[in-house]
Amino acid sequence: MPAEPFQAARVAGRARLVLLRGAGGDGSTYYLNATEHVAGRDAGAILFPDDPTVSPEHANFHYTNGRLYVMDLDSANGTYIRLRGEVPLEHGDRFVCGEQMFEFRRVPEVVNQWVEDTCMAGSPAPEGGEYQLVQVLAGNRPGLLRTFAGVSTTLGREGCTLSFPTDRFMSHEHSRVRRSGEHWVLEDAGSKNGTYYRIRDAVGLQDGDTLFLGKQLLRVEID
């Protein structure tokens, strides 16, 4: 996707990205003065060439009807934005609490499978399981897997349904997955460092939003 030339100076009425943590130098500012700005490892207007977790073309920051949006460009690791309020969870959605990444999976109905005339054996299916949280390890490998039912699951450093006592970036109670009507939603529990979810579609940005592209943490500033 072509991008308009990048302008490295402030223009009235346009937003900017400030690098809070990453390979480009903390405090670096990227002025979003054109109509769209592709960010990536080796293509686009905003480059992070030293971060191997950033895809060659990772995300696009663009204006529509005067509002700034971000859209992931089918990047390998996704674009994550800090949660405001709550977000509904769909099968396969991923989110980050502290240094932990999780994938949300709906538990499928148990159907006995047969090979020729033999039913396949296995561990008993969990009673009443409605969804699973799978810890995603580096290299996209599955880690801890837990199946849940009930109205709420808490994640944090101590005293939660899922606790990670050695994760210094997690708050005591960091995030919750809870039922809302017929759906499950993710919400932050007032954590210090925030909960980040992987976006599926273009998302409108507000002043103060923070997001991860690979290991690059960026803050949106809109005058």
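Order 30-41, 83-94 from most to least packed using the mean count of other Cβ atoms within 10 Å.
Going by the mean number of other Cβ atoms within 10 Å, highest first, we get 30-41, 83-94.
Roughly to the nearest percent, how much of the accessible area of segment 155-223 is carbon and sulfur, given a 1.4 Å probe?
That fraction is 43 percent.
Just the C-alpha atoms of the chain: what Rg/Rh do they give, with Rh taken as the Kirkwood radius?
Reported Rg/Rh, Kirkwood definition of Rh: 1.04.
Could you pull out the GluC sites (Glu not before Pro) across segment 158-193 that fall in loop regions by DSSP (anything but H, G, I, E, B) with no more than 13 other Cβ atoms inside 10 Å?
Glu158, Glu182
Please calculate how many Å² of accessible area the chain carries per residue, with a 1.4 Å probe and no DNA, RNA or ligand atoms counted.
54 Å²
For Arg141, Arg14, what's the largest-to-smallest order of accessible area, 1.4 Å probe?
Largest accessible area first, the list is Arg141, Arg14.
Got a number for carbon plus sulfur as a percent of segment 44-146's accessible area, 1.4 Å probe?
It is 49 percent, rounded to a whole number.
The values are calculated or read from the model by the stated rules, or taken from the named source; none is laboratory data. Computed from a prediction, not measured in an experiment: that's the story for all the values here. All Cβ positions, even for glycine, are placed from backbone atoms using ideal geometry, and neighbour counts span all protein chains on display. Protein only, heavy atoms only, side chains kept; ligands, DNA and RNA dropped before computing areas. Shrake-Rupley method; radii C 1.70, N 1.55, O 1.52, S 1.80 Å.
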